[in-house]
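Worksheet for the structure shown next.
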Amino acid sequence: MSLSYEEVAAFLFAEARAQADKRWTDWLAFYADDVVFHVPAWDDDDTLTSDPTREVSLIFYPDKNGLEDRVFRIETERSSATIPDTRYNRAISNIEITGRKENEVEVRFMWTTHAFRYNMVDTYFGTADYVIDTSSGAPLIKKKNVVLKNDYVHHLLDVYFI
């Protein structure tokens, strides 16, 4: 199954909307069981780290279990990072299809998230590269690599900021 540009954009918008609406079960359904979710850190030389098993990452989950655990903690208030609650929205722009394989679409886009917490508005922004698997009929994210361009954050970084 091949996705058109419009279908890719609709998929990305729907994932962002599920997250912004805090429909966590719906949000998790966008991810393959073997998804690699990575937010590399910037090293001292202003270069991104590349190996999450040997270098520091801002967020790294080698599969969906990590995302499911994070959502469990958010939903059950077992996460100090989400108390008090944070209001946020992610905007997506400059969507590009950067590659295609038989059952995969590679996508890059820019994003900005505005978050309101502690009576402050914080802005996060960057780029994201997704590999979307189309082999099962319903598209699923197999790889999510997010570059946070403003990595000096005031609070703990969480999945909903990116």
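The values are calculated or read from the model by the stated rules, or taken from the named source; none is laboratory data. Please read all numbers here as calculations on a predicted model, not as lab measurements. When we count neighbours, we look across all protein chains shown, and the Cβ atoms used for this are built from the backbone with ideal geometry, even at glycine.
Among the residues of region 5-30, the one identified as assigned to a loop (DSSP other than H, G, I, E, B) and among the aliphatic types (A, V, I, L, M) is Ala29.
When the residues of region 24-54 are filtered to those that are at pLDDT 95 or above and out of contact with any strand residue (DSSP E or B) (no Cβ under 9 Å at 6 or more places or on another chain), the one that is surrounded by the fewest Cβ atoms within 10 Å (Cβ to Cβ) is Thr25.
Can we say Asp33 is free of Cβ contacts under 8 Å to residues at least 40 places away in the same chain, out of contact with any His (no Cβ under 8 Å at 6 or more places or on another chain) and assigned to a helix (DSSP H, G or I)? The answer is no for Asp33.
Right, Glu96: touching a strand residue (DSSP E or B) at 6+ places or on another chain (Cβ under 8 Å), under 26 Å from Thr134 (Cβ atoms), at pLDDT 85 or above and of a type in the set (D, E, K, R) or not? Judged against the criteria, Glu96 is a match.
Yes or no, residue by residue, for (1) more than 19 Å from Leu148 (Cβ to Cβ); (2) among the hydroxyl-bearing types (Ser, Thr, Tyr); (3) surrounded by 15 or more Cβ atoms within 10 Å (Cβ to Cβ):
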residue: Ile92; (1), (2), (3): no, no, yes
residue: Val105; (1), (2), (3): yes, no, yes
residue: Ala115; (1), (2), (3): no, no, yes
residue: Tyr118; (1), (2), (3): yes, yes, no
